[in-house]
Amino acid sequence: MSEILSVEDLGVFFSLDQGTLKAVDGVNYTLEAGKTIGIIGESGSGKSVSAQAIMRIVPKPGKITKGRILLIQTQQEMMNLYKMTSLPLPGKDLTIDLASINPHGDLIRAIRGKVISMIFQEPMTSFSPVHTVGNQIMEAIILHRPSEKKQAREITLDMLDRVQISNPSQTIDEYPYQLSGGMRQRAMIAMALSCNPSLLIADEPTTALDVTVQAQIIDLIKELQQQYGMAIQYITHDLGVIAEITENVAVMYLGRIVESGTTKQVLKTPLHPYTKGLLNSMPRLGNMKKKKLKAIPGNVPIPINFPKKCGFNDRCSEAIKGKCEKNIPALVEIEKGHKTRCFLHSNEMD
Amino acid sequence: MSTKHKKKPVLLEINNLKMYFPIEKGLMKRVTGYVKALDGISFQIMEGETLGLVGESGCGKTTLGRCILRAMEPTGGTVNFNIGTKTVDVLKLTSKSLRKVRKDMQMIFQDPYSSLDPRMTVLDIIKEPLEIGKLAHGEDLKNRVKKLMNLVGLELKHLNRFPNAFSGGQRQRIGIARAIATNPNLIICDEAVSALDVSVQAQILNLLQELQSEIGMAYLFISHDLSVVEYISDRIAVMYVGGLVELAKSEDLFRNPKHPYTEALLSAVPNPDPDAKRSRIHLKGEVSNTANVPTGCSFHPRCKYAQQKCFSEKPKWKEIRQEHYVACHFSSGLDLKGVYKTS
């Protein structure tokens, strides 16, 4: 049960001309070594922005306006980290609040790629098109593992082999455009894991890939997790992937977590109307009874100047008149480990 | 449901369709080979049915959709379209006749953002095909557009707005209104819901089904998402590297696949049931390149059932049981796993 990251009441707001866009508004979750948490959400849920907040790469004019992102380390890990910076060691403290450190400073740069790594949906846009795949992976190794600079190429070849690229010595000198989508994604995983991070954030890494390639990539990620013992935050809208590789899951809607629990609890006994709506609106393979898809009516609202009410109220078939459109429900534990933010289950307000 | 068991008339018959792109090298642009995007495809689409077309990147499914509409010029083959009592080969029509036939076949595109002209209002976009086809004028035209807006679930007050005012799902509805404006007999949906959020996807799938019940057009539903295809299709065709490998009724394909590629594809789809036992078939290697198609059966380098014959002889497209077609030398002897639990 070793916690690596604790997100506490995180808020990320964007100041726009039309008003304040509250992309993330009070999000809490933790990540443990060797375990995978799935974050389910659609456009506008805040799932990607919260991941960006952890890495401190939220685009302008976004700002972290509240909360903490606590990175928990061992004494040795802390020493190794601070060695890379010009900052003094923070005494006996074993946590770093990522939300409060300088987003352009030495410390976050030492953390990115070394302690926390991220892989994105579009490998073509995350790689530099003018550098070889090998050079990009070696750059990370040289930066974060300076004592092994001389072995950078060897380490890179080994990583490419571990991600099941068939010909590492050829691929290492190729440019991203020369690789297929699946190979690029593997190369990105190689780059992300090259410095043995404690936490991997995967933002829809297989959405753009064919189903057979997706299957290979998610099997690979699971295998590497067993080898390296890292915590994984896997962002996706694909419930099949969630069911296959996550132990815990959080469902996000309009900047808040509306349900969380073990994957089994949330997928088999969903509590929140949005979660139920999502599950009912997805065609399932092997749908023998040809049950009609129950779509959630309407669209996700834009969280600018959003009135004080449950974010899902306008689309909810079970909304309680007079209550749900006037107050925001609190995230409450309903059964052990299974929480939801809904007045149908608890009267607590935020 | 019972009408689906009656034999439907053939709407479209495609025979030996080929699309080869020459690969040119050097200053003199010497042709050194061909990308065989479509390598002899034959199948039929029945009136009012939804035929799903699945396959992975590079298999040629989008190219197939475009060739049927003649948005690109195929290298060979025929596309026989039955309109009323006449049958025309779309590929042999003059541009004047093609223009007339085009109102009977339309397309819905994947990207709701690039498929609508940002400088045209919703009214302009939807009335354009009616104007080109000279199907309505003046007040009648406007009324028809309003009726279409209602059919696809858009509000009339949106008629004078531009695409950038709408969400992905709403834009897709505009694209659908445009596609059904001329009352086509066939609509090709090229990954029509792939770019949409899950909850919006369900809305659009339901809409497509409702429209089909009302208007009666056939759909060729191209997608890489097997769950979506199974839900919406009556029959499904599976493509691999420019060719068809299997074609069957939805339930038959998923319960009893007869091609090893179909089996592998089905086993790759992640199961949303956390308790389900997982036994995935791992395909070795990468998908073959249509510029360098393997000899014999194009799937043999990755097929775990491959035998000597598969390396040298291309399998024939055969109807192995009623309405179930497959291109495989050994399919009758194989016991392949489908998606439904056998117990």
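The values are calculated or read from the model by the stated rules, or taken from the named source; none is laboratory data. Since we're looking at a predicted model, the values are computed, not measured. In this analysis, Cβ positions are derived from the backbone assuming ideal geometry, glycine residues included, and neighbour counts consider all displayed protein chains.
Just name the residue that is nearest to the other protein chains (Cβ to nearest Cβ) out of those in segment A:213-231 that are more than 24 Å from A:Gly337 (Cα to Cα) and hydrophobic (A, V, I, L, M, F, W, C). The selected residue is A:Ala215. Residues being among the aliphatic types (A, V, I, L, M), in contact (Cβ under 8 Å) with a residue 12 or more places away in the chain and under 25 Å from A:Asp203 (Cα atoms) are entirely absent from segment A:145-152. Kindly establish whether A:Met349 is of a type in the set (A, V, I, L, M, F, W, C) and touching a helix residue (DSSP H, G or I) at 6+ places or on another chain (Cβ under 6 Å). The answer is no for A:Met349. With respect to B:Ser298, is the statement that it is more than 12 Å from chain A (Cβ to nearest Cβ), of a type outside the set (D, E, K, R), touching a residue at least 12 places away in the same chain (Cβ under 8 Å) and crowded, with 22+ Cβ neighbours inside 10 Å true? Taking the combined requirement at face value, the residue satisfies it. Any chance segment A:244-266 includes a residue that's surrounded by fewer than 17 Cβ atoms within 10 Å (Cβ to Cβ), more than 7 Å from chain B (Cβ to nearest Cβ), within 24 Å of A:Leu10 (Cβ to Cβ) and modelled with pLDDT of 90 or more? Yes; the residues of segment A:244-266 include at least one that is surrounded by fewer than 17 Cβ atoms within 10 Å (Cβ to Cβ), more than 7 Å from chain B (Cβ to nearest Cβ), within 24 Å of A:Leu10 (Cβ to Cβ) and modelled with pLDDT of 90 or more.
Within segment A:268-288, residues that are on the phi > 0 side of the Ramachandran plot reach partners that are surrounded by 17 or more Cβ atoms within 10 Å (Cβ to Cβ) with beta carbons closer than 7 Å, at six or more positions or on different chains, in the pairs A:Gly286/B:Phe254; A:Gly286/B:Val339.
Of the candidates B:Lys134, B:Lys100, the single residue that is exposed (fewer than 15 other Cβ atoms within 10 Å of the Cβ), out of contact with any Pro (no Cβ under 9 Å at 6 or more places or on another chain), of a type in the set (D, E, K, R) and under 23 Å from B:Asp190 (Cα atoms) is B:Lys100. Note on segment A:190-205: residues that are assigned to a strand (DSSP E or B) and crowded, with 22+ Cβ neighbours inside 10 Å total 3. When segment B:186-216 is filtered for residues that are within 16 Å of the chain's Cα centre (by Cα), surrounded by fewer than 23 Cβ atoms within 10 Å (Cβ to Cβ) and in a loop (DSSP other than H, G, I, E, B), the ones remaining, listed by number, are B:Glu191, B:Ser194, B:Ala195.
The residue of segment A:206-231 that is nearest to the chain's Cα centre (by Cα), among those that are crowded, with 20+ Cβ neighbours inside 10 Å and small (Gly, Ala, Ser), is A:Ala231.
When you look at B:Leu53, is it within 27 Å of B:His324 (Cβ to Cβ), touching a helix residue (DSSP H, G or I) at 6+ places or on another chain (Cβ under 6 Å) and either of a type in the set (Gly, Ala, Ser) or more than 14 Å from every other protein chain (Cβ to nearest Cβ) (or both), yes or no?
yes
Taken over segment B:249-284, the criterion of being basic (Lys, Arg), more than 28 Å from B:Gln44 (Cβ to Cβ) and within 11 Å of chain A (Cβ to nearest Cβ) is satisfied by B:Arg278, B:Arg280, B:Lys284. Take segment A:208-231 and flag every residue that is part of a loop (DSSP other than H, G, I, E, B) and free of Cβ contacts under 8 Å to residues at least 60 places away in the same chain. If the condition is that a residue be part of a loop (DSSP other than H, G, I, E, B) and free of Cβ contacts under 8 Å to residues at least 60 places away in the same chain, then A:Leu209, A:Asp210 are the ones that fit.
Considering segment B:229-245, and only residues there that are in a loop (DSSP other than H, G, I, E, B) and not β-branched (Val, Ile, Thr), the residue that is farthest from the other protein chains (Cβ to nearest Cβ) turns out to be B:Gly242.
One residue stands out in segment A:270-281 among those that are of a type outside the set (D, E, K, R) and more than 11 Å from every other protein chain (Cβ to nearest Cβ): the one that is surrounded by the fewest Cβ atoms within 10 Å (Cβ to Cβ), namely A:Pro270.
Return a yes/no flag: does segment B:245-261 have any residue that is under 29 Å from A:Ile165 (Cα atoms) and among the small types (Gly, Ala, Ser).
Scanning segment B:245-261 turns up no residue that is under 29 Å from A:Ile165 (Cα atoms) and among the small types (Gly, Ala, Ser).
What do you reckon, is B:Glu319 of a type in the set (D, E, K, R), away from chain A (no Cβ under 13 Å) and either in contact (Cβ under 8 Å) with a residue 12 or more places away in the chain or surrounded by fewer than 24 Cβ atoms within 10 Å (Cβ to Cβ) (or both)? Here the answer is yes, as B:Glu319 does meet what is asked.
Of the numbered conditions (1) touching a residue at least 24 places away in the same chain (Cβ under 8 Å); (2) within 14 Å of chain B (Cβ to nearest Cβ); (3) surrounded by fewer than 24 Cβ atoms within 10 Å (Cβ to Cβ); (4) of a type outside the set (A, V, I, L, M, F, W, C), A:Tyr234 fails exactly one; give the number of that condition. In the conditions (1) touching a residue at least 24 places away in the same chain (Cβ under 8 Å); (2) within 14 Å of chain B (Cβ to nearest Cβ); (3) surrounded by fewer than 24 Cβ atoms within 10 Å (Cβ to Cβ); (4) of a type outside the set (A, V, I, L, M, F, W, C), A:Tyr234 misses (3) alone. Screening B:Val10, B:Val35 for residues that are at pLDDT below 90, out of contact with any Gly (no Cβ under 8 Å at 6 or more places or on another chain) and of a type in the set (A, V, I, L, M) leaves exactly one candidate, B:Val35. The single condition among (1) away from chain B (no Cβ under 11 Å); (2) closer than 16 Å to A:Ala250 by Cβ; (3) surrounded by fewer than 18 Cβ atoms within 10 Å (Cβ to Cβ) that A:Ile320 does not meet is (2).
One line per residue, one yes/no per condition, for (1) exposed (fewer than 14 other Cβ atoms within 10 Å of the Cβ); (2) closer than 19 Å to A:Pro197 by Cα; (3) modelled with pLDDT of 90 or more:
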position: A:Lys47; (1), (2), (3): no, no, yes
position: A:Leu87; (1), (2), (3): no, no, no
position: A:Leu98; (1), (2), (3): no, yes, yes
position: A:Asn102; (1), (2), (3): yes, no, yes
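Which of the residues belonging to segment B:129-175 are in a loop (DSSP other than H, G, I, E, B), away from every other protein chain (no Cβ under 14 Å), in contact (Cβ under 8 Å) with a residue 40 or more places away in the chain and farther than 17 Å from B:Gln106 by Cα? Those that are in a loop (DSSP other than H, G, I, E, B), away from every other protein chain (no Cβ under 14 Å), in contact (Cβ under 8 Å) with a residue 40 or more places away in the chain and farther than 17 Å from B:Gln106 by Cα: B:Arg161, B:Phe162.
Residues that are loosely packed, with under 15 Cβ neighbours inside 10 Å and either touching a residue at least 12 places away in the same chain (Cβ under 8 Å) or part of a strand (DSSP E or B) (or both) within segment A:333-344 comprise A:Glu333, A:Glu335, A:Gly337, listed in sequence order.
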